Amino acid sequence: MSSQDYDCIVIGAGVQGSFTAYNLAKNNKKTLLLEQFVLPHSRGSSHGQTRIIRKAYDEDYYTHMMEECYQLWSQLEKETNVKLYRRTGLLVMGPEQGDYQVFKSTLERNKVPIVILPREEFSQHIPHVNLSQGNAALVDTTAGVLYADRTLKTVQGQFQKLGGVIKDGQKVIDITPGSVVTVTTVSGVYRAKRLVITAGPWANTLLSHTGLQLPLQVIKINVCYWSEKIPGSYNVQHRFPCFIQLESEEAKHHIYGLPSNEYPGLMKICYHTGPETDPDERDRQTDRGDIDILQHYITRCFPGLVPIPAVVESCMYTVTPDDHFVLDHHPTHSNIVIGAGFSGHGFKFGPIVGKLLCELSQGEVPSYDLSPFRIRRFQAHSKSAL
């Protein structure tokens, strides 16, 4: 059993943990990043080829955070000479009187460059898509695709270059809070003045060692890829955008998609929710209700795709009751900081979340107002065993 001391330990080497560790190392903190699986892996929420990056949101504070976030993504690209982002635009579609109006207002209020697509001109701008009756459409022109697996590899590489230590295959089996926190894994005991927990679907498992349970629900997402009937119809090379369908005949939750790129000839389209699952037994969850919803939607709105998924992969979301993140100190142990509940829309915020969790762990005033992300908003929900 090895035993070592650090300024800070980060548990969980997904996108949020990796960016947090990188920010700590940039601030000259001796940092250990622990990961339960052997890297790279596809067991959590940060793997896969691509994610959408967008400023289109219903809340101003997300749009504000994304302003700086785009700069931080660009900075990391320059620092490493690795391409992490491709601009494609994001097509936002939805019933004119619903969430669509809220998204449009947020974008306009924050002066984000958008293009409104009148219904009569829609098909000349966006071929091979049927705009639903009563829907309006716009394009957030700043949006695009992030390369997810490449991001993790890049940011972890930068962390190590700055002297950071990554230990994978190190499942945490105990956390002992105190002025120095002790973290015990299957093969080592590590101590640090500060601890950051960014364990995704396993957040509550770890928090149970500290007497805290948050109202987090883990759901399994079927990540579906659909074949183009005519190759190239929805290709990123042909300037097809990412899209988000805010509400539809088939579904009350969002449907989102990315142009064909990562798998040639296949477009990624997913439903933004799924059945509850146990993160350690994810593949036993075989519910395909979301795929039925997507098949109906694709048949109706994406006539150029074969409405049977060619590839189905898995991902997990860790969802809070209000779909907003948890970025906060532990209510009892102020040297333990928690980043959790990213609710399926956190990847794009990685650089800014990493900066904020670093600030919180160092006792600094955070760069943004974190009141929407504080644990106290769950007072009715959170079960403290203390």
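The values are calculated or read from the model by the stated rules, or taken from the named source; none is laboratory data. From a predicted model like this one, the values you see are computed outputs, not experimental measurements. No Cβ is skipped: glycine too gets one built from the backbone with ideal geometry, and neighbour counts run over all protein chains shown.
Matching residues to (1) among the charged types (D, E, K, R); (2) more than 19 Å from the chain's Cα centre (by Cα); (3) not assigned by TED's automatic domain parsing to the domain that holds His330:
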| residue | (1), (2), (3) |
| --- | --- |
| Lys153 | yes, no, no |
| Gln156 | no, no, no |
| Gln160 | no, yes, no |
| Gly163 | no, yes, no |
| Ile166 | no, yes, no |
| Gly169 | no, yes, no |
| Ile173 | no, yes, no |
| Gly178 | no, yes, no |
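Of everything listed in (1) in contact with a strand residue (DSSP E or B) (Cβ under 6 Å, 6 or more places away or on another chain); (2) more than 29 Å from Gln379 (Cα to Cα); (3) not polar (S, T, N, Q), the single unmet condition for Ile175 is (2).
Does Gln237 qualify as being under 21 Å from the mean Cα position of the chain (by Cα) and among the polar types (S, T, N, Q)?
Working: under 21 Å from the mean Cα position of the chain (by Cα): no; among the polar types (S, T, N, Q): yes.
When the stated conditions are applied, Gln237 does not pass them.
Does the stretch 170-180 include one or more residues that are among the β-branched types (Val, Ile, Thr), within 23 Å of Leu327 (Cα to Cα) and buried (at least 19 other Cβ atoms within 10 Å of the Cβ)? Yes, the conditions are met somewhere in the stretch 170-180. Could you check the stretch 230-272 and list, in sequence order, the residues that are β-branched (Val, Ile, Thr) and either free of Cβ contacts under 8 Å to residues at least 12 places away in the same chain or surrounded by 18 or more Cβ atoms within 10 Å (Cβ to Cβ) (or both)? Once the filter is applied, which keeps residues that are β-branched (Val, Ile, Thr) and either free of Cβ contacts under 8 Å to residues at least 12 places away in the same chain or surrounded by 18 or more Cβ atoms within 10 Å (Cβ to Cβ) (or both), the stretch 230-272 yields Val236, Ile244, Ile255, Ile269.
Every residue, every condition in (1) in the same structural domain as Ile338 (by TED's automatic domain parsing); (2) not small (Gly, Ala, Ser), yes or no:
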site	(1), (2)
Tyr6	yes, yes
Leu34	yes, yes
Glu59	no, yes
Leu76	no, yes
Thr80	no, yes
Tyr85	no, yes
Gly98	no, no
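Pick from Ala143, Ala203, Ala148, Ala199: which is of a type outside the set (S, T, N, Q), modelled with pLDDT under 95 and under 20 Å from the mean Cα position of the chain (by Cα)? Don't jump to the end; show me each part of the working.
Values: Ala143 fails: modelled with pLDDT under 95; Ala203 fails: modelled with pLDDT under 95; Ala199 fails: modelled with pLDDT under 95.
Unique residue meeting the criteria: Ala148.
Within the stretch 68-96, the set of residues being over 20 Å from Leu152 (Cα atoms) and either without any contact (Cβ under 8 Å) to a residue 24 or more places away in the chain or surrounded by 14 or more Cβ atoms within 10 Å (Cβ to Cβ) (or both) comprises Thr88, Gly89, Leu90, Leu91, Val92, Met93, Gly94, Pro95.
Has the stretch 306-328 got any residue that is more than 22 Å from the chain's Cα centre (by Cα) and either closer than 30 Å to Phe159 by Cβ or of a type outside the set (A, V, I, L, M) (or both)? Give the steps one after another, and end with the answer.
Going through the stretch 306-328, the residues more than 22 Å from the chain's Cα centre (by Cα) turn out to be 306-310.
Adding the requirement that they be either closer than 30 Å to Phe159 by Cβ or of a type outside the set (A, V, I, L, M) (or both) leaves 307, 309.
Checking the stretch 306-328: at least one residue is more than 22 Å from the chain's Cα centre (by Cα) and either closer than 30 Å to Phe159 by Cβ or of a type outside the set (A, V, I, L, M) (or both).
Considering only residues of the stretch 140-165 that are surrounded by fewer than 23 Cβ atoms within 10 Å (Cβ to Cβ) and of a type in the set (Val, Ile, Thr), which is nearest to Arg54 (Cα to Cα)? Top of the filtered list is Thr142. Scanning the stretch 188-213 for residues that are in contact with a helix residue (DSSP H, G or I) (Cβ under 6 Å, 6 or more places away or on another chain) and either surrounded by fewer than 21 Cβ atoms within 10 Å (Cβ to Cβ) or in a loop (DSSP other than H, G, I, E, B) (or both) yields Thr198, Ala199, Gln213. Which of the residues that make up the stretch 1-54 are modelled with pLDDT under 95, under 16 Å from the mean Cα position of the chain (by Cα) and of a type in the set (S, T, N, Q)? Within the stretch 1-54, Ser42, Ser45, Ser46, Gln49, Thr50 meet the criteria.
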